[in-house]
Structures are given as structure tokens and as C-alpha cells.
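See structure below.
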Amino acid sequence: DWEGIRKAKTRAVKQLVSGVEMLLDGNGVAKFVGQARLLSPNDIQVTLADGSPTMIRGRKVLLATGSTPLLPPIPGLDSPGVFSSDEAVDLPGPFTTLAVVGAGALGCEFAYIYAQLGTKVSLFEMLPQIAPTEDADVAEVVDRAMRKKGVHVHVGTRVLGVRNAEGRKHVEYECEGE
């Protein structure tokens, strides 16, 4: 039930965000939204959404930087029908096939979720193991779980580009010894 999954995800995100906001408010934390620059351990310059600069001084500073998906410089990744991790959580439904570029934590998570939903998933990682920032024994367990779910894991594989052909996306890649 894809729609149920999306609704549960939205509820969980809202609950986490409101919980953090309540904790901050309850502890008297001042919040500033904008672009920040840490000038010293206690001084911050924030450019607010309206463009106005604000200097802030505090004994304790928490910079909540958020995140932005990393899109590697691969031709075709910016074309319609190619999604970042931010967009992948709000797609209208599972696909018949899916290629996931990058087998870090998020890539593995999405590959596994979509495979659980019946999508034929190919997972591409340039480095010699998936979950490359993890210990080799952890990565091996994750790799086995992926393959058991039917994920086609390609390690030591460089994605060269994504192109349109016959109404579908095609991933062009080269492998080391596969």
C-alpha cells in the first residue's frame, strides 16, 4: 500500500519536527532561520530569509544545517524522471524497475524498500563494497540482505550516464571485474 507508506512517512516527519520544536521552545532556545556563518565559538552571522544580516552571540550554539542530496556529475542525472533521495520519498508509487546510484546509507535504504515493494532494483556503487563508510563485515551483511531481496548489486561500478531510449531511462555504466 504505497499511499499508506507515504502517509506514515509524512506523519512520522511531522511528529519528529514538532517534537524537536517543542523541546527547543520548552528550553528557551532562540531560533533563526537563514544562512549562517560561525564567526567564533560564540558568534554567528545569520542572513535571514528577507536578506537582512543578524549578528548573534550565545554561550551555546546549535547549527541545524539540514541536508541537500548530493548529485554526482553524471550526464543525464538532471533530466526529468530522475529523482534525488528527497523526491524519492514522495513519488506516486513503486516502479517496475529502478536504478539507484550510490550505495551509501540512503541508497541502500531506498533500494531495500523498493525491492520489498516488488520493484526490480539495480544498485550501483563506484567503490568495492556497498555501505562504503561501514566496516567490511557490516557491508557484507547488508550486501547479502540486498541480494536476498533480489536487488542486483553492482560494486566497483562507475555510472557513465543516464539516457532516454524507447520511453525509458537507461543507465550506462562500466564495471571492474563483474
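The values are calculated or read from the model by the stated rules, or taken from the named source; none is laboratory data. Because the structure is predicted, anything quoted here is derived from the model rather than measured. Here the Cβ positions follow ideal geometry from the backbone for every residue, glycine too, while neighbour counts run over all protein chains shown. When the accessible area is computed, the model is the full protein with side chains, heavy atoms only, and any ligands, DNA or RNA have been set aside. Shrake-Rupley method; radii C 1.70, N 1.55, O 1.52, S 1.80 Å.
Miscellaneous remarks
- Note: relative contact order over the range 89-142, using C-alpha pairs below 8 Å and six or more positions apart, is 35 percent.
- Coupling constants for the range 19-36 follow from the phi torsions by the Karplus curve (6.51 cos²θ - 1.76 cosθ + 1.60, θ = phi - 60°), and in residue order they are x, 5, 4, 5, 4, 5, 4, x, 9, x, 7, 7, 10, 10, 10, x, 8, 10 Hz; glycine and proline get x.
- Note: relative contact order over the range 132-178, using C-alpha pairs below 8 Å and six or more positions apart, is 27 percent.
- For LEU117, solvent-accessible area (1.4 Å; no DNA, RNA or ligand), Å²: 60 Å²
- The separation of the range 34-96 from the range 124-178, counted between C-alpha centres, amounts to 26 Å.
- In this simple spin-label model, placing a label point 7 Å from the Cα along the Cα-to-Cβ direction at both GLU140 and ARG158 gives a separation of 2.8 nm.
- Calculated log₁₀ intensity ratio I(q)/I(0) where the Debye formula runs over C-alpha points of the range 1-156, q = 0.14 Å⁻¹: -0.91
- Filtered GluC sites (Glu not before Pro), the range 107-165: DSSP coil and at most 10 other beta carbons within 10 Å: none
- Mean separation of Cα contacts under 8 Å, 6 or more apart, over the residue count of the range 1-83: relative contact order %: 14 percent
- Annotation: per residue accessible area for the range 28-101 equals 75 Å², rounded to a whole number [probe 1.4 Å, protein chains only].
- Ligands, DNA and RNA are left out, and with a 1.4 angstrom probe the accessible area of the range 109-173 is 60 Å² per residue.
- Within the accessible area of the chain (1.4 Å probe), percent carbon and sulfur: 56 percent
- Under the Karplus curve 6.51 cos²θ - 1.76 cosθ + 1.60, θ = phi - 60°, whole-Hz ³J(HN,Hα) for the range 79-88, x wherever Gly or Pro sits: 7, x, x, 10, 10, 8, 4, 4, 7, 5
- Helix-only mean residue ellipticity at 222 nm for the chain, each DSSP H run of n ≥ 4 adding -39500 (n - 2.57), per residue, nearest 500: -9500 deg cm²/dmol
- For VAL100, distant residues with modelled amide H under 5 Å away: SER122, LEU123, PHE124
- Restricting the range 52-105 to trypsin sites (Lys or Arg not before Pro) in coil, as DSSP defines it, with at most 15 other Cβ within 10 Å: ARG59, LYS60
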